[in-house]
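Enquirer: Dropping a structure here in structure tokens format, bear with me for questions.
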Amino acid sequence: MLAIESAFELVACGERHALNRSAADLLSGALKAVDREDHSAVTVQQHPLGFLCVKWNIDASRSLRIHVWGQDMRYRQEPNWPIHDHIFSFKSVILLGKVQNKIYTLSEQGKGRMCKIFEVDYTREQSTLIATGDPAMLTMTSATVYEEGQTYEMQSGILHRTALRSSFAVTVLATTLVRSQFGARPRVIGATGGFGLAYNRRIAQKQEVLEQLESARKSLLIF
């Protein structure tokens with residue numbers, strides 16, 4: 001747990017080089033846990049938005065996450081609705097590769113794309129989208145590409161989407177759940193004709209995950 005908390009603090013400080021070694025060590029532990037099929041200390045899941053998510057819970061409000069992205073990953077699920085928000089705030093450090101983060105706002109009328117707002121309900125290895133309220137207008141307000149060594153932050157409740165902009169990327173996130181968001185549900189932006197949907201957040205094939213984690217670990221040690 002000390003190693004996880006130390007990495008959490010390194011993210012807060014944006015210490016990329018120290019983070020590379022720390023993240024590589026944590027991935028070594030994750031590799032052993034996946035190989036033993038031990039999910040008590042770390043969760044490794046394929047995310048519906050297309051990356052491998054490795055998550056350690058520090059306490060009730062804080063977690064550390066490593067996201068492994070690759071163009072050859074087949075985790076993205078349909079319909080592909082990548083615009084979402086979080087009930088936690090986070091700071092992310094790009095350890096390898098490039099990602100683009102776009103930020104959006106909603107309004108009841110005016111310019112933009114008509115969309116429907118969904119809330120996400122989590123049950124075990126599945127996330128269910130529940131349609132809420134009337135359609136709204138969606139507008140993109142910014143788009144920024146972040147490269148190795150750069151950081152960015154997102155506050156809870158801000159709509160965004162993150163996309164891979166290189167062949168491979170590793171990012172590490174420190175997340176903090178604010179007290180006012182306890183019990184709240186995150187939102188996903190979908191098509192106006194969409195209804196309730198369910199996405200799987202299950203572990204991928206064991207050997208595939210082991211190979212992806214090991215590739216990320218080795219890449220981190222090079223830099």
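Enquirer: Please verify whether the range 176-184 includes one or more residues that are modelled with pLDDT of 95 or more and either of a type in the set (Ser, Thr, Tyr) or crowded, with 20+ Cβ neighbours inside 10 Å (or both).
Expert: Within the range 176-184, one or more residues are modelled with pLDDT of 95 or more and either of a type in the set (Ser, Thr, Tyr) or crowded, with 20+ Cβ neighbours inside 10 Å (or both).
Enquirer: Turning to a different aspect of this structure: Output the residue which, of all residues in the range 106-138 that are at positive phi and not in a strand (DSSP E or B), is surrounded by the most Cβ atoms within 10 Å (Cβ to Cβ).
Expert: Per the stated criteria, the residue is Gly112.
Enquirer: Looking at the range 70-83, is at least one residue farther than 18 Å from Ser166 by Cβ and of a type in the set (Gly, Ala, Ser)?
Expert: Scanning the range 70-83 turns up no residue that is farther than 18 Å from Ser166 by Cβ and of a type in the set (Gly, Ala, Ser).
Enquirer: State whether the residues of the range 140-152 include one that is without any contact (Cβ under 8 Å) to a residue 40 or more places away in the chain, part of a loop (DSSP other than H, G, I, E, B) and farther than 26 Å from Val54 by Cα.
Expert: No; the residues of the range 140-152 include none that is without any contact (Cβ under 8 Å) to a residue 40 or more places away in the chain, part of a loop (DSSP other than H, G, I, E, B) and farther than 26 Å from Val54 by Cα.
Enquirer: Same structure, new question: Which of the residues belonging to the range 82-97 are more than 11 Å from the chain's Cα centre (by Cα), within 17 Å of Glu9 (Cα to Cα) and either among the small types (Gly, Ala, Ser) or part of a loop (DSSP other than H, G, I, E, B) (or both)?
Expert: Selection gives Ser89 alone.
Enquirer: Suppose we keep only residues that are touching a residue at least 60 places away in the same chain (Cβ under 8 Å) and surrounded by 21 or more Cβ atoms within 10 Å (Cβ to Cβ) within the range 52-74. Which one would you say is nearest to the chain's Cα centre (by Cα)?
Expert: Per the criteria, the residue is His67.
The values are calculated or read from the model by the stated rules, or taken from the named source; none is laboratory data. On a predicted model such as this, the values are computed, not experimentally measured, just so you know. Virtual Cβ from ideal backbone geometry, glycine too; neighbours counted across all protein chains shown.
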